[in-house]
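Asks: Just passing along the structure, written as structure tokens.
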Amino acid sequence: MQTKHILQSWGKVLRGQTPMLSIEITRECPLRCPGCYAYGENHLGGEVTLRELADKRGDELVRGVIGLVDRLKPLQVTLVGGEPMVRHRELSRILPELAKRGVFTMVVTSGIIPIPMEWLSLPRFLVAISVDGLPEHHDVRRHPATYERILSNLAGRRVNIHWTITAPMLGREGYLEEYVRFWNARPEAHKIWVSIYTPQRGEQSAERLSEAQRAQVAHELPRLRGLYPKLLTPQGYAQALLHPPASPRECGFSRLSKNYSADLKTQVEPCVFGGDPDCSQCGCSASAATHWISGIRVAGPVKTKHLLRGSMMIGGAMARLRHIALPAWREREEQPAPSREASLVQISTSD
């Protein structure tokens, strides 16, 4: 996300609106990827899972998504799943309507279903294909969305490639560069953006990176950016991966976004990962970029994150005036802290 988009987002926040909106438009997915956060038991808070939700389709889905966008008025909408291309017929009706509203829209897909060519002419629209590693890892993790199938479905199209790095991919020297070199050479790839696998708190899995591996990625990405122009890693991005926000309250991306699941009512909190993400090991590319931007000094000791916090407090008040419900942790954060004097109990004594 560019700085100008952050500034536009603050304007939305000041008005009590939602700058960024993510919608899981379906619970269905033909893949069974290990470590997929969307299908975790605690993704939606533990009371219900994504597969148990009553999702929508047809006219009901089209009206529901457009209605949600019209109510929240975001700058950007990301449509995910499940596998959103399962609802490609509905998307063919939704996407032109969002384009008419001037909303920047992205569909994140596994590439298992061909992208309709007519979508690519829509303004303010892009597709991101999740390709998690080279074929030796990706084809095992994301079968049946194999390299062969993805490349066949991408013919004549132009997309962004999103790569989530997991620990097994760092076992061979030169792996990162081999991946970037392959996709940098592909005419279908417009940009390559990178995330690191983000675990849930207390999770012990083969996907999570060690501290040494995170440092390895942070060291390697700037070098690769200098060699391969399609690799999208903003200045300071690598350092943000080494020093992620300590909690959702410190995460600019989490604070600037809202996330809805497949029934279009259930909110995914505290961020797109849901559940209880381990922020100390966050590898989300959007979070890292926003976290870096929030540390930029504006004037003297004032940083952009201080402006954001002020915007959030005002925006929270505006949202309450407009009767927009805030999640509990956001509501607590946006309430001004009581003064020390007000919190003291006065005790009088007499002789």
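Asks: Looking at the stretch 65-84, can you tell me whether even one residue there is surrounded by fewer than 23 Cβ atoms within 10 Å (Cβ to Cβ), closer than 15 Å to residue 26 by Cβ, hydrophobic (A, V, I, L, M, F, W, C) and touching a Lys or Arg at 6+ places or on another chain (Cβ under 9 Å)?
Replies: Looking through the stretch 65-84, none of the residues is surrounded by fewer than 23 Cβ atoms within 10 Å (Cβ to Cβ), closer than 15 Å to residue 26 by Cβ, hydrophobic (A, V, I, L, M, F, W, C) and touching a Lys or Arg at 6+ places or on another chain (Cβ under 9 Å).
Asks: Go over the candidates 264, 227 one by one and state the one that is on the phi > 0 side of the Ramachandran plot and modelled with pLDDT of 95 or more. It would help to see each step written out before you state the result.
Replies: Numbers: 227 fails: on the phi > 0 side of the Ramachandran plot.
It is 264.
Asks: Could you check the stretch 168-208 and list, in sequence order, the residues that are hydroxyl-bearing (Ser, Thr, Tyr), in a loop (DSSP other than H, G, I, E, B) and surrounded by 15 or more Cβ atoms within 10 Å (Cβ to Cβ)?
Replies: Step one: list which residues in the stretch 168-208 are hydroxyl-bearing (Ser, Thr, Tyr), which gives 175, 179, 195, 197-198, 205.
Okay, now just the ones that are also in a loop (DSSP other than H, G, I, E, B), so 197-198, 205.
197, 198 - these are the residues of the stretch 168-208 that are hydroxyl-bearing (Ser, Thr, Tyr), in a loop (DSSP other than H, G, I, E, B) and surrounded by 15 or more Cβ atoms within 10 Å (Cβ to Cβ).
Asks: Here's a follow-up. So which pairs qualify, if the first residue must be in the stretch 52-66 and closer than 13 Å to residue 97 by Cβ, the second must be of a type in the set (Ser, Thr, Tyr), the Cβ gap must be under 9 Å, and the two must be at least 6 apart or on different chains?
Replies: 61/26
Asks: Which of (1) surrounded by fewer than 17 Cβ atoms within 10 Å (Cβ to Cβ); (2) over 21 Å from the mean Cα position of the chain (by Cα); (3) part of a loop (DSSP other than H, G, I, E, B) does residue 34 not meet, given it meets every other one?
Replies: (2)
Asks: So in the stretch 241-290, with the set limited to residues that are assigned to a loop (DSSP other than H, G, I, E, B) and of a type in the set (D, E, K, R), which one is nearest to residue 28 (Cα to Cα)? So that I can check it myself, show each step before the final result.
Replies: Step one: of the stretch 241-290, the residues assigned to a loop (DSSP other than H, G, I, E, B) are 243-247, 251, 261-266, 268-276, 278, 282-284.
Next, from what is left, pick out any that are of a type in the set (D, E, K, R): 263, 265, 269, 276, 278.
Values: 263: 12, 265: 17, 269: 20, 276: 23, 278: 26 Å.
Ranking the qualifying residues of the stretch 241-290, first place goes to 263.
Asks: Shifting gears a bit: Taking the stretch 129-144 as the region of interest, how many residues are outside any helix (DSSP H, G or I) and within 21 Å of the chain's Cα centre (by Cα)? Steps first, please.
Replies: Taking the stretch 129-144 as the starting set, the residues that turn out to be outside any helix (DSSP H, G or I) are 129-134, 142-144.
With the extra rule that they be within 21 Å of the chain's Cα centre (by Cα), the set shrinks to 129-133, 142.
Going through the stretch 129-144 one residue at a time, the tally reaches 6.
Asks: In the list 123, 96, 114, which residue meets the criterion of being in contact (Cβ under 8 Å) with a residue 12 or more places away in the chain and in a helix (DSSP H, G or I)?
Replies: Details: 123 fails: in a helix (DSSP H, G or I); 114 fails: in a helix (DSSP H, G or I).
Only one candidate qualifies: 96.
Asks: Looking at residue 41, is it out of contact with any Phe, Trp or Tyr (no Cβ under 9 Å at 6 or more places or on another chain) and within 24 Å of residue 208 (Cβ to Cβ)? I'd like the intermediate steps shown before the answer.
Replies: Details: out of contact with any Phe, Trp or Tyr (no Cβ under 9 Å at 6 or more places or on another chain): yes; within 24 Å of residue 208 (Cβ to Cβ): yes.
Spelling it out, residue 41 is indeed out of contact with any Phe, Trp or Tyr (no Cβ under 9 Å at 6 or more places or on another chain) and within 24 Å of residue 208 (Cβ to Cβ).
Asks: Determine whether residue 250 is at pLDDT 95 or above and acidic (Asp, Glu).
Replies: Numbers: at pLDDT 95 or above: no; acidic (Asp, Glu): yes.
When the stated conditions are applied, residue 250 does not pass them.
Asks: Would you please name the residue that is farthest from residue 191 (Cα to Cα), looking only at residues in the stretch 206-265 that are of a type in the set (Lys, Arg) and touching a helix residue (DSSP H, G or I) at 6+ places or on another chain (Cβ under 8 Å)?
Replies: First, the residues of the stretch 206-265 that are of a type in the set (Lys, Arg): 208, 214, 223, 225, 230, 249, 255, 258, 265.
Narrowing further to those that are touching a helix residue (DSSP H, G or I) at 6+ places or on another chain (Cβ under 8 Å): 208, 214, 230, 249, 255, 258.
Working: 208: 25, 214: 22, 230: 5, 249: 30, 255: 26, 258: 25 Å.
In this case the residue turns out to be 249.
Asks: Residue by residue through the stretch 168-225, note down the ones that are among the acidic types (Asp, Glu) and touching a residue at least 60 places away in the same chain (Cβ under 8 Å). Walk me through how you get there before you give the answer.
Replies: Here is the first cut: in the stretch 168-225, the residues among the acidic types (Asp, Glu) are 173, 177-178, 188, 203, 207, 211, 220.
203, 207 - these are the residues of the stretch 168-225 that are among the acidic types (Asp, Glu) and touching a residue at least 60 places away in the same chain (Cβ under 8 Å).
Asks: Does the stretch 74-93 contain at least one residue that is touching a residue at least 60 places away in the same chain (Cβ under 8 Å), over 29 Å from residue 156 (Cα atoms) and not basic (Lys, Arg)?
Replies: yes
Asks: Of (1) at pLDDT below 95; (2) touching a helix residue (DSSP H, G or I) at 6+ places or on another chain (Cβ under 8 Å), residue 138 satisfies all except one. Which?
Replies: (1)
Per-residue answers, yes or no, for (1) modelled with pLDDT of 90 or more; (2) out of contact with any Phe, Trp or Tyr (no Cβ under 8 Å at 6 or more places or on another chain); (3) surrounded by fewer than 14 Cβ atoms within 10 Å (Cβ to Cβ):
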| position | (1), (2), (3) |
| --- | --- |
| 13 | no, yes, no |
| 18 | no, yes, no |
| 25 | yes, yes, no |
| 46 | yes, yes, yes |
| 50 | yes, no, no |
| 54 | yes, yes, yes |
| 61 | yes, yes, no |
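Asks: Tell me which residues, restricted to the stretch 122-165, are surrounded by fewer than 18 Cβ atoms within 10 Å (Cβ to Cβ) and of a type in the set (Val, Ile, Thr).
Replies: 140, 146
Asks: A further question follows. Can you pull out every residue in the stretch 126-160 that is within 25 Å of residue 199 (Cα to Cα), among the β-branched types (Val, Ile, Thr) and touching a residue at least 40 places away in the same chain (Cβ under 8 Å)?
Replies: The answer is 131, and nothing else.
The values are calculated or read from the model by the stated rules, or taken from the named source; none is laboratory data. Only a predicted model underlies this, so the values are computations on that prediction, with no experimental measurement involved. No Cβ is skipped: glycine too gets one built from the backbone with ideal geometry, and neighbour counts run over all protein chains shown.
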